[in-house]
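The values are calculated or read from the model by the stated rules, or taken from the named source; none is laboratory data. Note that this is a predicted model, so its numbers are computed, not measured. Cβ sites come from the backbone with ideal geometry, for glycine too, and all protein chains shown count toward neighbours. Just so you know, the surface numbers come from the protein's heavy atoms only, side chains and all, with ligands and any DNA or RNA stripped out. Shrake-Rupley method; radii C 1.70, N 1.55, O 1.52, S 1.80 Å.
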Amino acid sequence: MNAKEYLNQIKLNDIRIRQMTEEVARLEAVANSTTGGMNPDKVQTSPYKGKREKVIVKMVDLKNKLVSTIAEQETMRVEIISKIHQLTDSRYIELLYLKYVRVMRLEDIAGVMTKPDGSEYSLDHINRLHGEALNAFREIYTDADQ
């Protein structure tokens with residue numbers, strides 16, 4: 001895995017967590033909608049009970065996986081932020097944090113980051129700076145791997 005792929009893990013795991021959360025909500029809705037009618041005169045068991053139980057089991061399994069994924073994500077975030085903070089150029093730290101931890105577009109970062117004189121960076125300058133920051137991070141990432 002290269003440095004950029006390593007940094008992009010936060011975004012990918014955030015997507016997985018969001019999708020798993022949506023799927024848990026969907027399964028909860030399915031489980032709640034498959035309850036049979038409450039007719040006290042009816043002696044026969046509902047045909048929905050087995051289906052509902054299967055959905056609930058899937059939902060519980062997915063919730064457990066979601067909790068585990070969230071815990072792994074938090075550990076990874078801390079690790080990635082720690083590696084970003086090993087850089088010595090504050091511009092690189094800010095840019096990589098905004099791009100890969102806060103998941104901002106370079107266009108938006110250009111409007112947020114400011115030079116020491118208070119003026120904004122151009123998008124071209126942010127693109128160049130991003131390449132420099134990735135090269136500097138690549139050295140830290142490669143050193144940590146060995």
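Of everything in the stretch 94-123, what is over 20 Å from Asp14 (Cα atoms) and either in contact with a Ser or Thr (Cβ under 8 Å, 6 or more places away or on another chain) or touching a residue at least 24 places away in the same chain (Cβ under 8 Å) (or both)? Give them in sequence order.
Ala110, Glu120, Tyr121
Quick one: in the stretch 124-142, of everything that is free of Cβ contacts under 8 Å to residues at least 12 places away in the same chain and more than 16 Å from Glu5 (Cα to Cα), which residue is least open to solvent (accessible area, probe 1.4 Å)?
Asp124
Would you call Tyr92 within 30 Å of Thr21 (Cβ to Cβ), open to solvent by less than 50 Å² (accessible area, probe 1.4 Å), assigned to a helix (DSSP H, G or I) and among the hydroxyl-bearing types (Ser, Thr, Tyr)?
For Tyr92, the condition - within 30 Å of Thr21 (Cβ to Cβ), open to solvent by less than 50 Å² (accessible area, probe 1.4 Å), assigned to a helix (DSSP H, G or I) and among the hydroxyl-bearing types (Ser, Thr, Tyr) - is not met.
Within the stretch 110-143, which residues are hydrophobic (A, V, I, L, M, F, W, C) and over 24 Å from Glu79 (Cα atoms)?
Correct list: Ala110, Val112, Leu123, Ile126.
Please tell me if Gly111 is open to solvent by 30 Å² or more (accessible area, probe 1.4 Å) and outside any helix (DSSP H, G or I).
No, not satisfied.
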